[in-house]
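Engineer: Have a look at this one.
Nothing in this text is a laboratory measurement; each read-out follows from the coordinates by a stated rule. Source: prediction; values computed, not measured. Positions of Cβ are generated from backbone atoms using ideal geometry, with glycine treated the same way; all protein chains shown enter the neighbour counts.
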Amino acid sequence: MKTVAKVLGGVLAAEFLYLGTAKVASMRERAAHLGYSTTAYRGIGAVELLAAGGVLLGPVRPAIGRAAGAGLVLLMTGAVASHLRNGDGATEIAPATGTAVVATAYVATLIGGSR
């Protein structure tokens, strides 16, 4: 399970390091599309960067990894809700849904590996 956790954690960390950095740097149009202020969207980006760090620590500190993974599941649930609220289609919703599934699997591997 440790290998699976490391692979899933690497995928999540890479994704959220990229997305978080992009949101912190500037994504005004995307923020406006989802109904967020630029400041709020940058805050979401900062949370994503922190979660990426927590996910990277997961194999060494499973409690931190579980918390970061659970936070990403909640964050992606909010992303799906935002897309639905804005009437976005499956193409816009699928990445957040898929990421939530990967984050859930990551948390499950950490829980399974800690027994």
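Engineer: With a cap of 14 neighbouring Cβ atoms within 10 Å, and only residues DSSP puts in a loop, list the chymotrypsin sites (Phe, Trp or Tyr not before Pro) found in region 1-88. Display every interim value, and only then the final one.
Structural biologist: Values: sites: F16, Y18, Y36, Y41; in loops: Y36.
Counting only loop positions with at most 14 other Cβ atoms within 10 Å, none of the chymotrypsin sites (Phe, Trp or Tyr not before Pro) in region 1-88 qualifies.
Engineer: Another question about this same structure. Take the Cβ-Cβ distance between T39 and V4 as r, set R0 to 41 Å, and report the resulting FRET efficiency rounded to the nearest 0.05.
Structural biologist: Working: r = 37 Å, r/R0 = 0.91.
My answer for the efficiency is 0.65.
Engineer: Placing one identical point scatterer on every Cα of region 12-115 and ignoring solvent, what is log10 I(q)/I(0) from the Debye formula at q = 0.19 Å⁻¹?
Structural biologist: -0.91
Engineer: I'd like the distance separating the alpha-carbon centroids of region 43-93 and region 2-33, in whole Å.
Structural biologist: Cα centroid of region 43-93 versus Cα centroid of region 2-33: 8 Å apart.
Engineer: In region 2-113, with Lys and Arg counted as +1 and Asp and Glu as -1 at Cβ, which of these residues, G78, A5, L19, has the Cα nearest the positive end of the dipole, that is, farthest along it?
Structural biologist: A5
Engineer: Mind telling me which of G45, G89, G71 comes out most flexible in a GNM of the chain, alpha-carbon contacts under 10 Å?
Structural biologist: Of G45, G89, G71, the Gaussian network model singles out G89 as fluctuating most.
Engineer: Expressed in nm to one decimal, what extension gain is obtained for the pair D88 and Y18 from 0.36 nm per residue of sequence separation less their Cα-Cα distance? Mind showing how you got there, number by number?
Structural biologist: Numbers: separation 70, 0.36 × 70 = 25.20 nm, distance 2.23 nm.
In short, 23.0 nm is gained.
Engineer: Full extension from R30 to R61: what is 0.36 nm times the residue separation minus their Cα-Cα distance, to one decimal in nm?
Structural biologist: Difference between extended and current length: 7.8 nm.
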